[in-house]
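Have a look at the structure below before the remarks.
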Amino acid sequence: MVLAATKRYTTSEYLALEEKAEFKSEFINGEIIQMAGASANHNILTGKFHALLLLALEDLEYSVFMSDMRLWMPEYNRYTYPDVIVVAGEPVFVDQSEMEVTNPYLIVEILSSSTQAYDHDSKFRQYRSIPSFQEYVLVYQNGYEVDHYVKESEDRWVLMTHKGKDAVIKLASMQLDISLRDLYKRVKFG
């Protein structure tokens with residue numbers, strides 16, 4: 001049996017291709033993986049979470065980015081596009097282009113059936129390699145449910161699951177509450 005060789009890319013090749021690409025792709029240790037399109041609910045939840053954070057943190061020392069900002073994880077030789085990133089203090093970028101941030105404080109991912117297990121496991125493990133990373137929020141699209149991880153120490157993360165319309169996410173590091181009723185407004189459950 002002969003296996004076909006898969007082309008491996010350098011980070012420079014990936015960034016050059018990504019600059020011209022019509023669709024976003026992630027870079028994982030030499031492989032380029034095209035990202036799937038997002039549903040209406042995914043877009044509503046991403047936009048809503050971004051807007052709620054942006055308004056609440058506007059006068060504080062945080063920067064809030066949406067899904068077009070790449071995140072660089074050097075330990076895993078990986079670029080990815082989280083749905084929402086919050087940076088405490090000044091963002092640290094890979095270079096002057098300011099296209100890739102390296103110091104997220106909070107990461108939000110909107111889950112889909114195809115990415116749910118990956119976002120909870122492998123991606124979360126890789127995000128934890130970033131020293132500045134303190135909170136991880138995973139938002140389900142099919143009902144009022146959010147998983148919220150908070151870093152307590154270098155090797156200890158605590159999971160809180162918020163369910164139901166009246167539940168409230170308490171972002172400990174920013175002293176900010178987000179109600180699921182507000183977050184899921186206009187989301188249509190199938």
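Computed quantities for the displayed model
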| read-out | value |
| --- | --- |
| Nonlocal amide H pairs with residue 110, under 5 Å, H built at 1.01 Å | 83, 139 |
| Burial ranking of peptide ranges 127-138, 27-38, 56-67 (average Cβ count within 10 Å, highest at the top) | 127-138, 56-67, 27-38 |
| Placed amide H near residue 70: partners under 5 Å, 5+ positions off or other chain | 101 |
| Degrees, to the nearest 10: 11-20 long Cα axis against longest axis of the chain | 70 |
| Computed [θ] at 222 nm, deg cm²/dmol, the chain (DSSP H ≥ 4; -39,500 (n - 2.57); rounded to nearest 500) | -6500 deg cm²/dmol |
| Amide H partners (placed H, <5 Å) of residue 62, local residues excluded | 89 |
| Degrees, to the nearest 10: 40-57 long Cα axis against longest axis of the chain | 70 |
| Surface/4 of the Cα convex hull for the stretch 81-149, nm² | 5.0 |
| Principal axis dimensions, the stretch 38-183 - Cα atoms, whole angstrom, descending | 42, 35, 33 |
| Charge dipole magnitude, Cβ of K and R +1, D and E -1 - the stretch 38-183, Cα centre, debye nearest 20 | 460 |
| Using θ = phi - 60° and Karplus 6.51 cos²θ - 1.76 cosθ + 1.60, couplings along the stretch 177-183 (whole Hz; Gly, Pro as x) | 10, 10, 7, 5, 4, 5, 4 |
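Here, each number is a calculation from the coordinates, and none is a lab measurement. These numbers come from a predicted model, not from an experiment. Here the Cβ is made from the backbone with ideal geometry for all residues, glycine too, and neighbour counts use every protein chain on show.
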